[in-house]
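Here the structure comes first, spelled out in structure tokens, and everything after it is commentary.
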Amino acid sequence: MPNFPLTRRQALALSAPLLAALPAFKYAVGEAAAQELTPADAGLDPHDHTHAAHIGAEVPAPGGPNDLDDLLYPPAATPHEPGRLKEYDIIAVDKEIEIAPGVFFPAWTYNGTVPGPIIRATEDDLLRVNFTNGGSHPHTIHFHGIHPTNMDGVFEVVDVGESFTYEFPAKPWGCHLYHCHSTPLKKHIHKGLYGAFIIDPPEPRPPAQELVMVMNGFDTDADGGNNFYTVNGKSFYYAKYPIIVKRSEMVRVYLANLTEFDLINSFHLHADMFRFYRTGSTLDYEFTDTVMLCQGERGILEIEFEHTGIYMFHAHQSEFAELGWMGFFNVVE
Ligand code: CU
Ligand code: CU
């Protein structure tokens, strides 16, 4: 066997796109003694990095064309109606999820997906979240935003099999997020317990094609570093299935960073620029094509594409992009 002086992380970078070619390949996730993969194990040329520019069916992304629709397309905004009840049921469940072809991660999830469901309310709605812990560890839901401290999901740890109802008026408007706040915190977050939380302003935002992107990473060999990066949970997914948007309409992306271990993540758009509203709670924006966010940071991007065609987007950390955090918009008339 050729001797490639690669770390496991580098080896995975090279081999991940081709894991699909290995029948019944299943990476031994979560075990300290996980198998070291080499490019030779995956049967590929270690100098082949061409996958990063691939688009369409040949891209090594798991799942079918509509698998992530519920995580990409938020429910519609609702008109301002103070006191209206917005109710969500969320259950924590342990679930093995496929994050790259043939690569399974033993996730802790909200409602079975990583990220969890999009929670959306309008400012002054009464938000009620009925949480049940159907997992194997104590969990909570900690929301960002403004609410009483006994609704903060920190002190009231919900034991296995128990329930807790979070209830508070939704405020302030913006792009927020939620995540488990049980300890050890980094474990509960990197295992997958997080999601996007949108609060719409009383004065509605202009109509747009709305999308949600939660940036994350997966540590498949339990060494405290991510081996795969994604938006919405599946590596290279939007390279295989580009997001179709119309040139004539504004595109609005609610972007949140829940990547554990790495200090920052980023979003870079090719061939156009966007307005970036940090946290989305004011109308102040910066005009850019690249934005970086630390863990827990989030914001709203608004883009009016000037041309039709294929626009790449990805983390500007090249390593993250080559480990799965890359996709395309297909802008059509
Ligand atoms: Cu937890
Ligand atoms: Cu947080």
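The values are calculated or read from the model by the stated rules, or taken from the named source; none is laboratory data. All of these numbers come straight from a predicted model, not from anything done at the bench. Note: ideal-geometry Cβ built from the backbone for every residue, glycine included; neighbour counts use all protein chains shown. Just so you know, the surface numbers come from the protein's heavy atoms only, side chains and all, with ligands and any DNA or RNA stripped out. Shrake-Rupley method; radii C 1.70, N 1.55, O 1.52, S 1.80 Å.
For the reader, a short list of remarks on this structure follows.
- From the list T279, T220, T259, T230, the one residue that fits, being surrounded by fewer than 21 Cβ atoms within 10 Å (Cβ to Cβ) and of a type in the set (S, T, N, Q), is T279.
- Those residues of segment 275-324 which are within 16 Å of ligand 2 (Cβ to nearest atom) and not in a loop (DSSP other than H, G, I, E, B), in sequence order: R278, L293, C294, R298, G299
- Unmet requirement for K186, which otherwise passes all of (1) closer than 27 Å to L323 by Cβ; (2) assigned to a strand (DSSP E or B); (3) within 16 Å of ligand 2 (Cβ to nearest atom): (2)
- Taken residue by residue, segment 192-200 has no member that is touching a Ser or Thr at 6+ places or on another chain (Cβ under 9 Å), open to solvent by 10 Å² or more (accessible area, probe 1.4 Å) and within 16 Å of ligand 1 (Cβ to nearest atom).
- Screening P206 on (1) modelled with pLDDT of 95 or more; (2) in a loop (DSSP other than H, G, I, E, B); (3) within 16 Å of ligand 1 (Cβ to nearest atom) shows it passes everything except condition (3).
- Any hit, segment 71-93, residues being within 16 Å of ligand 1 (Cβ to nearest atom) and either among the hydroxyl-bearing types (S, T, Y) or open to solvent by 60 Å² or more (accessible area, probe 1.4 Å) (or both): yes
- Inclusion of Y166 among residues that are more than 11 Å from ligand 1 (Cβ to nearest atom), under 21 Å from L293 (Cβ atoms) and either touching a Lys or Arg at 6+ places or on another chain (Cβ under 9 Å) or at pLDDT 95 or above (or both) is not warranted.
- Residue match in segment 124-134 (condition: touching a helix residue (DSSP H, G or I) at 6+ places or on another chain (Cβ under 8 Å) and either within 16 Å of ligand 1 (Cβ to nearest atom) or more than 23 Å from L68 (Cβ to Cβ) (or both)): no
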